[in-house]
Amino acid sequence: MGEYKLLLRHSHDPAYATLDGYQRLGGYEGLRKALSMDRQQVIDEVKTSGLRGRGGAGFPAWIKWNGLPKQKTKPHYLICNADEGEPGTFKDKQLMETCPFLVVEGMTIAAYATQADVGYIYIRGEFVDAARSMRRAIDEAYRAGLLGKNILGAGMDFELHIHTGAGSYECGEESALMSSLMGERGMPRLKFPHAPLPTISGLWDSPTLINNVETYACAPFILSNGGAWYASIGASTKNSRGTKIFSVSGHVRKPGNYEVEFGTPLMELLELAGGMKGGALKACVPGGSSVPILDAEACQKAIIGYEEMMEVGSMVGSGGCMFLNEHTDIVEFIWRTSMFYKDESCGKCTPCREGTRWMFLILDRIKAGQGRPEDLQLLEDVCRQIDGRSFCGLGDAAAWPVAGALKVFRHEFEHYVRHGRSLVARG
Amino acid sequence: MARKTDAPPVNITINGIDLQVPKGELIVESVKRLGLEIPIFCYHPRMKPVGMCRMCLVEVGMKQPDGSVRKMPKPQAACTLPASEGLVIFTDTEQIHKDRKGVLEFLLINHPLDCPICDRGGECPLQNNTLFYGPSTSRFVEMKRHAVKAYPLSKHVTLDLERCIQCGRCVRFTEEISGDAQLAFRHRGAEMQPVTFELEEFTSKFSGNTIEICPVGALTSSHYRFRARPWDLETAPGICTMCSNGCNVWFDRRKGKLVRINGRTNEAVNEEWTCDKGKFGTDWMNNPRRASDVKVRRGDGFSRADWAEAYAEILERFREGGHEVAGLAGPMLSNEDLYLLRRMFDETFGSSNLDHRMTSVQGPAVEPPSFTIEGLEDEKGAFVFGASLSDESPIVYLRLRKAWYRQGARICVATSRPDDADAFAAVSVRYPQGGEAEFLRSLVAELRVQLEGGRSFGELADLASTLLETRGPILATESLWNLDQAGEVLAQLRLAAELLGVSLNVMALGANGQGAEELGVRPDAFDRTGLGTRQILEACADGRIRALWLAGVDPFEAFPDRSLVQRALENVEYLVVQTALETEAAAYASVVLPITAPGESDGSFTNVERRVQAFEKAVDPPAEAKPAWRVFSELMVRAEPRTPHFSAREILAEIAREVPAFQGVEWSAARDGGVLLGARRPLSRARS
Amino acid sequence: MAIDVIRDVAKPILAGFGITGRRLKHPKVTVQYPEQTREQYPRTRWRHFLTRYESGLERCIGCSLCAGACPARCIYVEAAENTDQERYSPGERYAKRYEINMIRCIFCGYCQEACPTGAIVLRKNFELADYKRESFVYTKEMLLEEYPGQADEPYVSIYQRQS
């Protein structure tokens, strides 16, 4: 248990971001091994590893990889979702800046397994350094024959492109990302069961595999060390295998990215980050701003793992772990979160477009001391009217933190409504 | 509307009722089979579903092998959900009622309460859905969103962004149907607005349709603005007469006056769309310059007369006039008008100098069009020659675009000027003005080379090879008779059609131009010989024709050679002008007879695909105006004793008996959807 | 059958006058209209008025809801758009023509109920008789208050006003 540096093992080493350094430290072994294997064997290896999507939903990666047609009739596309917009999450940024070849190699392995011809890395527009680092890595890989035509002489072709976003949070949603990539408005598109899965009809109506940066970065290790080895990490959990990078922020002494094995207690992650600063632990948002908030008591019980986290009422999400100390005003915290979702709603569907704004306006009123007793019920109703009714997950993501905070920290909201000011003294 | 599909049927259950529907049919459509309704805003059957408004949420379950139903945790949008085997739908549960209330509450928090002054009020889907499914009160106490109000997006369309519910229907219309993509969303989230780029003018030729499909009063008609409320209106079906396509429309009148035109559904013709010309181009019907009285020239001025006086004077000049009298017919005369006009000239005046064509020259008759508007959808391609379809034949244009958008039809366009159809044409070529014949000669040569298996790399190689692959109908308009080498152009087009084995369709441009052809309103029809339009005008100018009848036409506007018209009208001894408006030609008249405008009397029109469509009086005519056929009938009776005609139906029945092409046409069928004339190729080989 | 003078004639007459006699001590209910008028019931509805806001702007926005609600179809409204140069009512729209045919009107008050701005009100002015049919078509000029609050002033009979 505890810290397990796999992806981030060499992240402190500047040489790791160069091709020579990367290969010296064991890079591209995974790809070489993959190319010596059958395509299906690669997918089976990923299946054995139990790797699950690291973008937030935790969908088993191999099902997606296996979902692309084996008989190719159209070009296959590969997309790396590097539009890391979730407040509190910054793991992909570090991965791309310090370990760009991990991503390139991982995508090449996935391209081999899915017969993809072209890959796109959709990088968040603000990540200029990450885009530069990826650009350098891709150029180097092209020069070394690790991208382009006939990779490593194995007869495999794979083109890799970088596309930078324009600052929309919604474009991190996979179908909106594809719309944006195709030059359309960054709005989500119909999903299963309303439309075929992206693995059948995604980018330009062709089979498309889309995964998070961290998911791809795991692939080289799974191939080089074997799926069974990877599955042995974090085996104490129900269904979560391997490691997960957590971006720890908030009132901690040493904020930053920490890679831990699944099965690690949440409090251990806090220890890694140097413990609380300025007061005792009051609450924690374990997986990025979209997931429900946990109070200190639940934090004590929380174990890092997709199912384990659900049990205490929250989610692993994308791993943006925010610890809040006892002087934090939860109402203000939720107010700020809801302002983010109000700004970032794409406007496509009614519940999200109107609901996020309404939620913000109510919270704004409560925060300004103008709250009415019926507002809390109203907020809950609005959350319920958004949750599950919106077109994509953004609506749910906007409603969960508010609904969660209302459940766990209702007394703080009530205090605000009754007295027009915060329960906690500003520290 | 979804067309018939060959999809296999699947079993689904809606509210406990089992039914079979084609696989892939959207649930929002399947529900209609049971006579149920799901409230919608963004869904439109003619456009791709997007699921934006979330109004159509239903609970969905799957039938398990053991017969139990497993419900999905979240409600699903019925407008995007395709039917599949074992789907179980609930549209009437407690939860769904709550969800609908929730969505409507969201939509209404920012919707202004200006229903009393909104032109949509009373026929507004948001009002209706709120009444049926919505909450009775709002819990929203904050400030509503404020945005641009009453912004004139174009001279036809007024935009009110506060009322917009961001359903995207208008945006999708311009992208999917009209294809000009002039509207798009800007900003995001609660600030999202459908507007033209930088709020510049909305110049789409089909912008009026966005007004009709807007589920709120965000897009309203600038012409209809504040002129009536829905409960003030009386509505009657009609046919648009602004071009030869014969769109089915609704005439909305208030106190007998036309205030608005809306599209009426006819799947075979215009689906439900109209062009802006048809929708907004009817202001002239309420023009103060409408001719309303019978006037007879006395010296330099006119004096009012009664019909009997005018008839006596006209008969004196025209009766047994033979070669010395002539007539020109206009494009908005109905089949009944034209039929009696020809009979009057034949039987009463004994003259064959009668023509309806207003092109520069008049050539021999061309074979009638054999395409159908609906059939275009199934063609693999089409060849548009020398016509700007979006202007001249907007509904044919929309169908061609639909054929491309839905089925990937490859449209070829050859014109002398850039055209709207270039946007979706597989091949578009330009030829210099005046070089039409030469262009067609090279095309025919190219077709021959390729047919013989030769390959060439000429400029026209692409065009020829696409034509040979698609073999779609050739579409040209009668405006080709305005070209210098009209005869040669037509000959080459025929040759090309023959080589390709496709039909050549020379489309009429006037509302009833095709009807006039069918009914023989031309000097060479039915083995007669007479003068064509140009010859008539020339004969008028040099005095060979002494009396001229202008039936619903102003040659100053319609005929290309203005000076010839002026000489003709100045020199002709006696001029009868039958007109709905006080036109320029009316100033030269000896007698002015007011006629009704289309929609002010019963009648039938023959559209560009030879579809006879009847309509009934919808609007009151001004004072003394009479339908043209009534005037002809009354004159014929005055000239010699015979049975008069009393109604348009009766005349159409007579046409059906007398004119071979119209055999079997009945009024009721012509009124309800229309009757196609002539035998057609079976619909279509391309559908397989 | 012979008539009994006392039973059949005198007695009923006396009884009848008896009622009259007994009534003499009651107060009179008849008033000398038009010199005197009786107070009307609070919910009496007679003549329509189009009212104004305090600012002098017309309340009527020409929405035709009154015409829609009218069971006698006696209201005709033609709307037009306000401009900044020529402003009649606060919003975008005002009534250019507003006519009520008083002969057709049944004074049901639905128009008042339907009005979203409280523009049309029915007041107690009941003396509406006239000599010509045409003069019963009340135009907007006749219906509109001259100044805000005019319609709310207590009604005085036209005869009393003259004297």
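Details
- Cα gyration tensor shape of the protein assembly as shown, rounded if a/c is under 1.5, else prolate or oblate by comparing a/b with b/c: oblate
- Amide H to amide H distances under 5 Å link B:Ile595 with B:Thr579, B:Ala580, B:Lys626, where only residues 5 or more positions off or on other chains count and H is placed in the peptide plane.
- Averaging the Cα positions of each part gives two centres, and for the stretch A:147-188 and the stretch A:190-242 these lie 16 Å apart.
- Farthest positive-ward along the protein assembly as shown dipole, Cα basis, beta-carbon charges - from A:Gly279, A:Ala231, B:Leu153: A:Gly279
- Summing charges over all other residues whose Cβ lies under 14 Å from the Cβ of B:Val69, with Lys and Arg as +1 and Asp and Glu as -1, gives -1.
- Positive-end residue of A:Leu7, A:Pro292, A:Tyr341, charge dipole of the protein assembly as shown with Cβ unit charges: A:Pro292
- Projected-area mean, the stretch B:71-166, by convex hull of Cα positions, square nanometres: 8.8
- Sorting the segments B:184-196, B:560-572 by their mean number of nearby beta carbons within 10 angstrom, highest to lowest, gives B:184-196, B:560-572.
- Inter-site label distance for B:Ala365 and C:Tyr159 at 7 Å from Cα along Cβ, in nm: 8.4
- Put a plus charge on the Cβ of each Lys and Arg, a minus charge on the Cβ of each Asp and Glu, and nothing anywhere else: the dipole of the protein assembly as shown about its Cα centre is then about 3260 debye.
- Chain A shape via C-alpha gyration tensor axes, a/c threshold 1.5: prolate
- J(HN,Hα) series, the stretch A:82-87, from Karplus relation 6.51 cos²θ - 1.76 cosθ + 1.60, nearest Hz, glycine and proline x: 10, 8, 7, x, 4, x
- Angle between chain C longest axis and helix C:11-23 axis [Cα atoms, degrees, rounded to 10]: 50
- Computed per residue of chain A from DSSP H runs no shorter than four, each worth -39500 (n - 2.57), the mean residue ellipticity at 222 nm is -13000 deg cm²/dmol.
- Calculated [θ] (222 nm, deg cm²/dmol) that DSSP helices of n ≥ 4 give over chain B, each run adding -39,500 (n - 2.57): -7500 deg cm²/dmol
- Taking each of A:Lys74/A:Lys149; B:Lys279/C:Lys96; A:Lys244/A:Lys367; A:Lys72/A:Lys149 in turn, the alpha-carbon distance tops 29 angstrom for A:Lys244/A:Lys367.
- Think of each Lys and Arg Cβ as +1 and each Asp and Glu Cβ as -1; about the Cα centre, that makes the dipole of the stretch A:330-419 roughly 80 debye.
- Other protein chain C-beta atoms within 10 Å of residue C-beta, averaged over B:138-145: 4.
- Those lysines that a straight Cα-Cα span of less than 29 Å connects to C:Lys25, excepting residues fewer than 8 apart in one chain: C:Lys11
- Remark: mean inter-chain Cβ contacts per residue of A:182-193 equal 3, using a 10 Å Cβ-Cβ cutoff to other protein chain atoms.
- Within 10 Å of the Cβ of each residue in A:339-351, the mean number of Cβ atoms contributed by other protein chains is 6.
- Selected from B:Ala516, B:Asn353, B:Gly472, residue furthest toward positive end of dipole (chain B; charges at beta carbon): B:Gly472
- Size of charge dipole - the stretch A:14-232 - debye, nearest 20, with Cβ of Lys, Arg +1 and Asp, Glu -1, no other charges: 400
- Over 18 Å apart at the Cα level, from the set A:Lys191/B:Lys74; B:Lys205/B:Lys255; A:Lys64/A:Lys191; B:Lys205/B:Lys402, are B:Lys205/B:Lys255.
- Pairwise centroid distance, computed over Cα atoms, of the stretch B:347-372 with the stretch A:264-291, Å: 89
- For the stretch A:131-146 versus the stretch B:462-531, the spacing of their alpha-carbon centroids is 62 Å.
- Highest mean packing comes first when the peptides B:216-229, B:139-152, B:359-372 are listed by Cβ atoms within 10 Å, giving B:216-229, B:359-372, B:139-152.
- With the simple model of a label 7 Å out from the Cα in the direction of the Cβ, C:Glu86 to B:Asp672 spans 4.8 nm.
- A simple spin-label model places pseudo-atoms 7 Å from Cα toward Cβ; at C:Asp4 and B:Ala184 they are separated by 11.0 nm.
Bear in mind these aren't lab numbers, they're just calculated from the coordinates by the rules spelled out. All of these numbers come straight from a predicted model, not from anything done at the bench. With ideal geometry, Cβ positions are generated from the backbone for all residues, glycine too; neighbour counts draw on all protein chains shown.
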